[in-house]
Each structure stands twice: as structure tokens, then as C-alpha cells.
Amino acid sequence: MKKPIIGIMMRCDVDKENKPYQYIYDRVRRSIIQSGGEPLLLCPVKDIDYYPTKWLDFPDFNEEEKESIEYWLSMCDGLFLPGGVKFTKYDKYVVSLAIKKDLPILGVCLGMQILTNYNRDNELLLIESSIKHEQFEDDLYCHKVKIEKDSLLYHIVEKEEIEVNSFHKMTTCSNPSLRTTAYASDGIVEAVELPSKSFVLGVQWHPEKMIGYDQSAIKIMNSFIEASRKYKQIKETKLIGIV
């Protein structure tokens, strides 16, 4: 069987000359490959400058653009939401559509914040804490998180407490539509899930950066790819039935 195709949302930023660009970190791409998936970059479909465009100025998608998003998402067996500095209405539209499809989703850092806000107005807060949440070295731990025992995350890592890395200044409020399943000791939300779906998990840290030295990170990435592989099998079985 072919590897599951993992759609990776690209992120927007500006360079030193204030020129906008779209990107993913190479470690994201490589972590998907190392975990058994095949990466597919999902580029924004609207002909605008995504970084400087303010949320309220973001135009609605037309039918052709919606069809394009639907087409590329139909190619995917899983959706990876990476970290970044900004998310747009494109991100929220894609995530909402993926959830309707019951597509396996793993969101990290900003990706978790998108998940937490996918069905409501954005709620992000600047972190005020004695705990360090923004490290600069990649291959280190930053702080510990406590995990709810009857959660998908606990089922994956099989631990009530793990050490994680951390690269964020902002945090998000709990969403009644999702379940918060991990916290830092200062109360910062560290993981969210959507129990009504097969695999929707957001974590505030970056397991894709940790798979070279951390078993919990390996388990998270492998579980996401395995859920995507099962989705692919079900999708292909349905297609065979149609034929």
C-alpha cells in the first residue's frame, strides 16, 4: 500500500526587505517522511498578499477557490498544521472542511491555536508566566506538561507527565467544542482534542522537532501517520465500491 499523503499547510511571513513569502520548515517535511507519510504542500489559493492582509480585510472565497481547496484536500489522507507567526481565514476554512471530512489532523504550536479557534472568533492572549515558554535551542526540553489520563494524547504517549519543547509567546483559551487534555503547571493550555472525530489533536509544542531524541514525540507523529493510513484505506475501499 502506498504511503498516506499528508497535506501540510504553508505559513506566511515577510523577509528582511519586507517581501512576503510562503514557507514550511524542512524539519516538518522530513518528520512526515521519517514517520511514514508523504508530504504534500497546501498553498493558499487566493491572489492576495497573505501576510500584510488584516483579518477583517480578508476577502471571502469564491466558488472556484472553494472547489480548489476541496480538490487538494481530497488528495490528502491527513492534515498537518505547523507552527508559524500568523494564520488566516484560509487556515480556518481548510481546518473546518477537514474536520467535516473526519480527516486526521495534527496541529502544533500555532496549529493547535488554529484548532482551538476553528469555529469561533480568534482568542489569543500574550503569555504572562514565571514558566519559560519560548526557548531558542531546538534540541532541548523547556518545561513539563500534565496530561489527562482518559485522553487520546495519554493513549498515545502512555504517560501523565512529559517534557516538551516550547517556542510560543501567545496562548489560547479553552474552547467548549474541544477538550483540553494537557496543561503546563501555570495553567497554559498545552493540548486539545476533538473526541467526536477519529483523530484531531493539537499540541502547543513541536514533536516534529523532537523525534530524533524523544519517544513521546515519536509516538505522536507515528500515531498521526497511522490514523492517516487507516483513513486512506477506508477512502480507497469506498472508491473501489463505487467502481
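The values are calculated or read from the model by the stated rules, or taken from the named source; none is laboratory data. Values in this document were obtained by computation on a predicted structure and should not be read as measured data. With ideal geometry, Cβ positions are generated from the backbone for all residues, glycine too; neighbour counts draw on all protein chains shown.
Observations on the structure shown:
- The number of residues in region 20-35 being outside any helix (DSSP H, G or I) and farther than 11 Å from Y50 by Cα comes to 4.
- Residues in region 102-133 that are surrounded by fewer than 16 Cβ atoms within 10 Å (Cβ to Cβ) and closer than 26 Å to S223 by Cα were compared, and the one that is modelled with the lowest pLDDT is N119.
- Looking across region 177-230 at every residue that is acidic (D, E) and out of contact with any helix residue (DSSP H, G or I) (no Cβ under 7 Å at 6 or more places or on another chain), the one that is modelled with the highest pLDDT is identified as E226.
- Region 72-110, residues that are closer than 18 Å to W205 by Cβ and part of a helix (DSSP H, G or I): L110
- A search for C-beta distances below 8 Å between a residue of region 183-206 that is more than 11 Å from V145 (Cβ to Cβ) and any residue that is among the basic types (K, R), counting only pairs 6+ apart in sequence or on different chains, returns V192/R179; E193/R179; L194/R179; P195/R179; S198/K230.
- Within region 15-57, the residues that satisfy the criterion of being in contact (Cβ under 8 Å) with a residue 60 or more places away in the chain and either of a type in the set (V, I, T) or surrounded by 18 or more Cβ atoms within 10 Å (Cβ to Cβ) (or both) are V28, S31, I32, S35, G37.
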